[in-house]
Amino acid sequence: MIRITTIGDITRFDLSRTIAGRGRYWTTAYLVDNMMVDTGCAHTAGELAAVLEGTQIHQIINTHSHEDHFGGNNALANHHAGFNIYAHPDAVQVMANPRVYQPLHPYRRLFWGWPQSCEAIPIDHDAEIETENYRFNVIYTPGHSLDHLCLYETEQGWLFTGDLFVGGKDRALRSGCDIWQVIESLKRVAGLPAAQMFPNSARVRDNPKHELEKKIKYYEEMGDNVLALNEQGKSVKEIARSLFGGPMLVEILTLGHFSRQRLVLSYLNNNTG
């Protein structure tokens with residue numbers, strides 16, 4: 001399933017596997033000036049390639065190596081010869097051999113699928129990616145993953161944030177995320193004079209500074225609460241229930257890979273596995 005939205009010079013693709021007639025666990029890709037920012041998941045790769053048939057694609061940049069962000073790379077490469085794929089250096093190995101370096105939990109295989117391997121070129125922090133009309137700065141933003149990056153177009157004030165920013169008040173976290181790094185990365189992009197923010201799986205925000213700062217404040221306050229309860233001798237399970245409420249459906253679907261306790265453990269710097 002694919003939904004297409006035009007925001008000025010940017011085309012947004014919301015992509016999801018259709019299960020029981022509905023899109024489940026959406027992911028997002030953007031097309032700007034013949035450059036793709038992410039390409040969605042393997043289950044929607046063919047549909048995205050078909051929609052972009054006849055459109056010139058000069059390059060792809062992936063915000064990180066999770067399967068729902070580079071799953072369409074290979075399909076687009078088969079339809080549009082001669083372009084480069086760019087990613088964080090730590091993402092390159094994963095993208096070249098995802099089945100070895102990024103084993104997928106059952107829920108990830110169900111919703112997004114195994115991406116095909118692709119060859120990516122490592123790109124440095126503070127590097128520039130040029131398109132015909134725009135110039136994007138690369139900003140390393142670890143936290144959601146070690147290999148996460150954002151893009152910022154200085155003249156237009158466009159900020160592409162991948163999975164760094166998710167709307168709402170998070171009550172759970174996936175294994176491998178570092179919440180303290182997320183906070184620092186959010187502070188890094190909140191300091192930019194961004195006019196528009198283009199996140200994954202969340203609505204586009206105009207003048208996003210306030211929402212970024214609100215998210216930072218929420219995370220920091222939750223961190224203070226977690227650490228205070230930990231000092232009182234509360235267990236991880238007790239802290240999770242006290243601050244984030246009862247069991248969540250996502251914890252069941254992911255067999256605990258995405259959970260309230262993972263969020264607590266990340267604040268306590270012990271969120272692995």
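Where a number appears in this text, it was derived from the coordinates with a stated rule and is not lab data. Everything numeric in this text was worked out from a predicted model, so none of it was measured. Methodologically, a virtual Cβ is constructed for each residue, glycine included, from the backbone with ideal geometry; neighbour enumeration extends over all protein chains shown.
A few notes on this one:
- Spin-label pair R135/N207, simplified geometry with 7 Å Cα→Cβ offset, distance in nm: 2.7 nm
- The smallest convex shape that holds all Cα atoms of the range 62-139, its convex hull, gives 100 Å³ per residue.
- Contour excess over end-to-end distance, with Cα ends at V51 and T6 and 0.36 nm allotted per residue: 14.8 nm
- Between A228 and R241, the contour length at 0.36 nm per residue exceeds the alpha carbon distance by 3.2 nm.
- Relative contact order (%) - the range 2-219, alpha-carbon pairs under 8 angstrom, separation at least six: 14 percent
- Spatial separation of Cα centroids for the range 12-44 and the range 78-145, in angstrom: 15 Å
- Bridges between two residues of the range 110-240, per DSSP, are antiparallel at a rate of about 75%.
- The percentage of C-alpha pairs in the range 2-219 whose separation is greater than 31 Å is 13%.
- In summary, the convex hull built on the alpha carbon positions of the range 119-206 has an orientation-averaged projected area of 6.6 nm².
- Distance from the alpha carbon centroid of the range 203-273 to that of the range 147-187 works out to 15 angstrom.
- Note on the chain: Lys pairs 8 or more places apart or on different chains, Cα atoms under 18 Å apart, count 10.
- Using a Gaussian network model of the chain in which every pair of alpha carbons under 10 angstrom is joined by a spring, one finds that among T28, T11, T44 the greatest mean-square fluctuation is at T11.
- Stretchable slack from V100 to T18, in nm (0.36 nm times residue separation minus alpha-carbon distance): 26.8 nm
- Cβ-defined net charge surrounding G245, 14 Å radius [Lys, Arg +1; Asp, Glu -1]: +2
- Highest average first, the peptides 100-109, 69-78 ordered by how many other beta carbon atoms sit within 10 Å of their residues are 69-78, 100-109.
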